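The structure appears right after this line, and notes come after that.
The values are calculated or read from the model by the stated rules, or taken from the named source; none is laboratory data. Every value quoted in this text rests on a predicted model; they were computed, and no experiment measured them. Note that each Cβ is placed from the backbone with ideal geometry, even for glycine, and that neighbours are counted across all protein chains shown. Remember, those area values only see protein heavy atoms, side chains included, never the ligands or the DNA or RNA. Shrake-Rupley method; radii C 1.70, N 1.55, O 1.52, S 1.80 Å.
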Amino acid sequence: MTIIPDYCLQHLNTLAIAAKAKFFVEVRDNDELSAALKFAREGQLPLLVLGGGSNIVLADDFPGLAIMVKHAGIELVDEDENFVYLQVGAGENWHNLVRYCLGFHYWGLENLSLIPGNVGAAPIQNIGAYGVELKDVFSELRAMEIQSRVVVNFEKDACEFAYRDSIFKNRFRDRYIITHVTLKLHKSPHNMIEYPALKQALATIPEADLTPQNISDAVCEIRSAKLPKPEDIPNAGSFFKNPIVSNEDFENLRQRYPTVVAYAAGAGHTKLAAAWLIEHAGLKGEQRGGASVHKQQALVLTNTQQGSGLDLLALAKYVQERVFEQYAVNLEMEPRVYP
Ligand code: FAD
Ligand code: NAP
């Protein structure tokens, strides 16, 4: 394990922001992780835990230790008549894991194809797409408590998963580093294809012929047609969460904007499509420095011209203000801002 001073993180965040960490280290197992945490504690350094860097905004240089969690391995740890249980190292790439499961015809991850980043970050915001969330396939995780360096298990209920949210973004923020995640996957057909775009893409395939592979192919095709690839256009995916409002507020909004796109979100609540709000506030293509609102998908802010984290945040603030002025709706940022 080598601790490197003054390390540029530009290639380690999908917004390609050229911020530096005071120190950087890659850890491959719990002994290395523990040693890195000891180094940080002795130097009183703040921590930046890194996976694939696809859900962070580096607003400035990071004045502490950036730890890239590289724990590897995919292991079948249990199996019964209906399910397999796979324990996966936090450093495994998420989409590679999806592909691995497709190879074994396990059902559960296909809707979550092509989400950038690593397995260890997936529980942080309970990643979700096309009607499936991590919590639907989650069994348990292992994590090292930063303070004590003791490894503990979290069962599903303890993670308090919610829409793009978990206990690790709230009460236990910055308290644990996830080292392994165990997933519970179906051995027999279990498709989740009610999400409109996916249903439409699969309409010509008879239900009996659906496989995790052809569902994944459809998801990849829809995503690739719509979302900019970070390698081509640096971005962090959806920059804002879809806001959830009361049904009453939604009805008031719909009186004024009859075409507003929204979905039921549990008792008494409605989820608004943030992309619609941004687009209909006329913000597509809006720019601040090197940052712009993507012209095809308004929920994505891009760093097209080597902008800084501050450009991104200035643009995000402007979008939030304009959306609030127009609809009285707060947009909450999804990526986490450092330092
Ligand atoms: P990072 O960006 O490295 O980290 C994100 C946060 O998690 C940070 O706060 C970090 O400290 C913390 N973290 C990372 N690893 C660990 C660990 N081992 N232990 C503790 N904390 C950790 N998200 C979705 O939910 N659905 C999507 O469909 C989706 N599509 C996307 C498409 C694009 C083009 C992009 C760029 C992003 C998309 N995202 C999506 C967001 C992002 O890919 C996910 O949130 C992903 O899980 C982030 O993984 P990461 O490894 O890159 O995390
Ligand atoms: P889309 O299909 O254009 O739909 C727009 C929004 O409407 C989505 O955000 C989705 O919410 C919601 N929606 C659509 N149909 C729904 C239904 N039947 N029930 C409930 N909500 C519905 O979305 P998109 O931008 O192309 O993204 C496709 C999927 O990938 C979405 O699930 C999205 O969350 C996910 N994605 C996430 C990120 C990220 O960074 N977080 C980036 C890219 C894509 P949900 O977001 O709640 O699904």
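Please go through segment 270-339 and write out the GluC sites (Glu not before Pro) that DSSP classes as loop and that have at most 14 other C-beta atoms within 10 Å.
Numbers: sites: 279, 286, 321, 325, 332; in loops: 286, 332.
Passing sites in segment 270-339 are 332.
How much accessible area does residue 154 have with a 1.4 Å probe, in Å² rounded to the nearest 10?
Approximately 10 Å² of residue 154 is accessible to the 1.4 Å probe.
Which far-off residues, 5 or more places away or on another chain, put their amide H under 5 Å from the one on residue 138, with H placed in the peptide plane?
184
Rounded to the nearest 10 Å², what accessible area does residue 31 have for a 1.4 Å probe in the complete protein model?
Answer for residue 31: close to 120 Å² accessible.
Filter the chain for me: DSSP H helices, axial length by Cα at least 15 angstrom, mean Kyte-Doolittle hydropathy not below 0.0. List them by residue number.
Within the chain the helices that satisfy the rule are 309-327.
Between 276, 242, 305, whose Cα lies farthest towards the positive end of the dipole of segment 235-338 when Lys and Arg beta carbons carry +1 and Asp and Glu beta carbons carry -1, centred on the Cα centre?
Towards the positive end, the residue furthest out is 305.
Out of every Cα pair in the chain, what percent are spaced more than 39 Å from each other?
Percent of Cα pairs beyond 39 Å in the chain: 15.
Out of residues 5 or more away from residue 57 or on other chains, whose amide H comes under 5 Å of its own, with H placed 1.01 Å from N in the peptide plane?
336, 337, 338
If you place +1 on the Cβ of every Lys and Arg, -1 on the Cβ of every Asp and Glu, and leave all else neutral, what size is the dipole of segment 1-86 about its Cα centre, to the nearest 20 Debye?
Dipole about the Cα centre, nearest 20: 660 debye.
Run the numbers for residue 257 and residue 224: contour at 0.36 nm per residue of separation, minus the present Cα-Cα distance, in nm.
Working it through step by step, the gained length comes to 8.9 nm.
Where does the chain land at 222 nm, in deg cm²/dmol rounded to the nearest 500, when only DSSP H runs of n ≥ 4 count, each adding -39500 (n - 2.57), divided by all residues?
Helix contribution divided over all residues of the chain: -7000 deg cm²/dmol.
Considering only protein heavy atoms, what per residue accessible area in square angstrom results for the chain with a 1.4 angstrom probe? If you can, show how the numbers build up before the last one.
Working: 16150 Å² over 339 residues.
Counting only protein heavy atoms, the per-residue value for the chain is 48 Å².
Need one value: the accessible area of residue 187 in square angstrom, 1.4 angstrom probe, rounded to the nearest 10.
Surface open to solvent at residue 187 totals about 80 Å².
Over all directions, average the projected area of the Cα convex hull of segment 4-69 and note it in nm².
On the way: hull surface 16.0 nm².
Convex hull of Cα atoms, orientation-averaged projection: 4.0 nm².
Under unit Cβ charges (Lys, Arg +1; Asp, Glu -1), what dipole magnitude, rounded to 20 debye, does the chain have relative to its Cα centre? Kindly include the intermediate steps, with their values, before the conclusion.
Numbers: 32 positive and 41 negative charges, 173 e Å.
The dipole magnitude comes to about 840 debye.
In debye to the nearest 20, how big a dipole does segment 181-339 give about its Cα centre with +1 on each Lys and Arg Cβ and -1 on each Asp and Glu Cβ?
Values: 16 positive and 17 negative charges, 31 e Å.
Once rounded to the nearest 20, the dipole reads 140 debye.
What FRET efficiency, computed as 1/(1 + (r/R0)^6) with R0 = 45 Å and r the Cβ-Cβ distance, is obtained for residue 321 and residue 72, rounded to the nearest 0.05?
After rounding to 0.05, the efficiency reads 0.55.
Send over the semi-axes of segment 154-312's equivalent ellipsoid, whole angstrom and largest first, taken as the square roots of 5 times the C-alpha gyration tensor eigenvalues.
That gives 28, 23, 22 Å for the three semi-axes.
Take every Cα pair under 8 Å in the chain that's 6+ residues apart, average their separations, divide by the length, and report that relative contact order as a whole percent.
17
Could you rank 156, 241 by how accessible they are, 1.4 Å probe, largest area first?
Greatest to least solvent exposure: 156, 241.
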